[in-house]
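The values are calculated or read from the model by the stated rules, or taken from the named source; none is laboratory data. All figures in this text were calculated on a predicted structure; none of them were measured in a lab. Neighbour counts run over all protein chains shown; Cβ positions are idealised from the backbone, glycine included. Just the protein is used for accessible areas: all its heavy atoms, side chains included, with ligands, DNA and RNA removed. Shrake-Rupley method; radii C 1.70, N 1.55, O 1.52, S 1.80 Å.
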Amino acid sequence: MADVLGAFEQAVLLAIVRLGDDAYGRAILKEAQARLDRDVAAGAVHATLDRLEHKRLIVSRLGSGTPVRAGRARRYYRPLPAGIRALNDARAAVDHIWRGLKWPLVKARSFA
Amino acid sequence: MTDDPSTLPPRWAESLLRMMLRPADRESISGDLLEEYRQSIVPALGARADRWYVRQVGWYVLRATWPWAALAGGILVGRYLLDTLAPVQYTRGIRHPRSTIMSWALIATYALGGCWQAWRTARLSGGIVGAFVTTALGGALSSLGTVLCLAVWHDPQMWRAIQGSGGIEEALYGVPLMLVPVGVLVGTVGATFGRTAAAIYDVSKPNTKSA
């Protein structure tokens, strides 16, 4: 059983998968904001990336800088096999929980 | 979108951010924030972009210091609770074990907080700023904890006990304010050890492993 991922961790890890070779800090932040449809603190994304790397679900390398970043290096991320496994497990767990229910749910029955 | 190199966030905020980051993250994270600031935030928010940047920096500072601040605040609130719920007779000139234990626990917290911050940032200034934030935030948390305790226990007997153990003013702002210079001083000593250890073990090398 791979690591159990929280919803935000899944959003960040899926952003890395979607972005492929362009998965660096700011791009991941924008992707996570777009998918979650809310403002996300850059620090929250960086903290999550740090945690995922610590869990050995992703790996990073330093790339080159650009003038808009004042030449500061970008850190690029890519998922490791354990990260992909963790995402698949998370998706399977949600599918399993929802199995047999129609989505979206209608109003719950009352205890009348 | 602005790529204008003269579009810069507040210099002090950027210095503070770089001071509080690990060497491995210093370039990449400050670069991410600068890129976002120039390309998305300034065009969208204009003059309010600086506030956005300061808020982001605050997030990193809080993340680096909150465990130590929570510990310092917890020690202070614990002491007030003990003094209020299980009062002891303090005698002028004689240190009660409760005072000694609390004082050393706080000193250890400030020293370790400064040491840890200087170690992870490989900067003495990071440790000193970390100690200041830890002390100030810990004091604010202890004031908040005191208010919460008062909201729960506020009968006349409790008020008499509070007045007998230094008074409400001491708990709300007297001790937290008094501890700021103490915390910074002790934290600076801790930071000196942390910085020395970081130099010995060379933690300042950026993480450049390839994916």
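What to note about this one:
- Whether a residue is in contact with a helix residue (DSSP H, G or I) (Cβ under 8 Å, 6 or more places away or on another chain), surrounded by fewer than 14 Cβ atoms within 10 Å (Cβ to Cβ) and farther than 25 Å from residue B:42 by Cα was assessed, and residue A:56 passes this test.
- Condition met for residue B:100 (open to solvent by 20 Å² or more (accessible area, probe 1.4 Å) and among the polar types (S, T, N, Q)): yes
- Residue within segment B:4-12 that is open to solvent by 10 Å² or more (accessible area, probe 1.4 Å) and in contact with a Lys or Arg (Cβ under 7 Å, 6 or more places away or on another chain) present: yes
- Residues located in segment B:120-138, provided they are under 15 Å from residue B:106 (Cα atoms) and hydroxyl-bearing (Ser, Thr, Tyr): B:134, B:135
- Of all residues in segment A:64-88, exactly one satisfies the criterion of being more than 9 Å from chain B (Cβ to nearest Cβ) and among the charged types (D, E, K, R), namely A:85.
- All of A:29, A:14 fail the test of being within 30 Å of residue B:38 (Cβ to Cβ), more than 8 Å from chain B (Cβ to nearest Cβ) and modelled with pLDDT of 95 or more, apart from A:14.
- Extreme residue, farthest from residue B:29 (Cα to Cα), among residues of segment A:1-46 that are acidic (Asp, Glu) and surrounded by 15 or more Cβ atoms within 10 Å (Cβ to Cβ): A:3
Each row is one residue, and each column tells you yes or no for (1) within 22 Å of residue B:64 (Cα to Cα); (2) more than 10 Å from chain B (Cβ to nearest Cβ); (3) hydroxyl-bearing (Ser, Thr, Tyr); (4) outside any helix (DSSP H, G or I).
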| position | (1), (2), (3), (4) |
| --- | --- |
| A:19 | no, yes, no, no |
| A:44 | yes, no, no, no |
| A:51 | yes, yes, no, no |
| A:59 | no, no, no, yes |
| A:62 | no, no, no, yes |
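- Odd one out for residue B:65 among (1) of a type in the set (S, T, N, Q); (2) without any contact (Cβ under 8 Å) to a residue 60 or more places away in the chain; (3) under 30 Å from residue B:98 (Cα atoms): (2)
- Checked against (1) free of Cβ contacts under 8 Å to residues at least 40 places away in the same chain; (2) open to solvent by less than 70 Å² (accessible area, probe 1.4 Å), residue A:107 passes all but a single condition, namely (2).
- Residue count, segment B:161-178 (criterion: open to solvent by less than 70 Å² (accessible area, probe 1.4 Å), out of contact with any helix residue (DSSP H, G or I) (no Cβ under 6 Å at 6 or more places or on another chain) and at pLDDT 85 or above): 2
- Failed item in (1) open to solvent by less than 10 Å² (accessible area, probe 1.4 Å); (2) without any contact (Cβ under 8 Å) to a residue 40 or more places away in the chain; (3) farther than 25 Å from residue A:47 by Cα, with residue B:76 passing the rest: (2)
- Residue in segment B:43-64 that is nearest to residue A:28 (Cα to Cα), counting only those that are within 11 Å of chain A (Cβ to nearest Cβ) and open to solvent by less than 60 Å² (accessible area, probe 1.4 Å): B:56
- Options B:45, B:34: the member that is modelled with pLDDT of 95 or more and part of a helix (DSSP H, G or I): B:34
- Any hit, segment A:33-42, residues being of a type in the set (A, V, I, L, M) and within 9 Å of another protein chain (Cβ to nearest Cβ): yes
- Matching option when the condition is facing chain A (nearest Cβ under 7 Å), open to solvent by 40 Å² or more (accessible area, probe 1.4 Å) and either in contact (Cβ under 8 Å) with a residue 12 or more places away in the chain or not hydrophobic (A, V, I, L, M, F, W, C) (or both), among B:35, B:27: B:27
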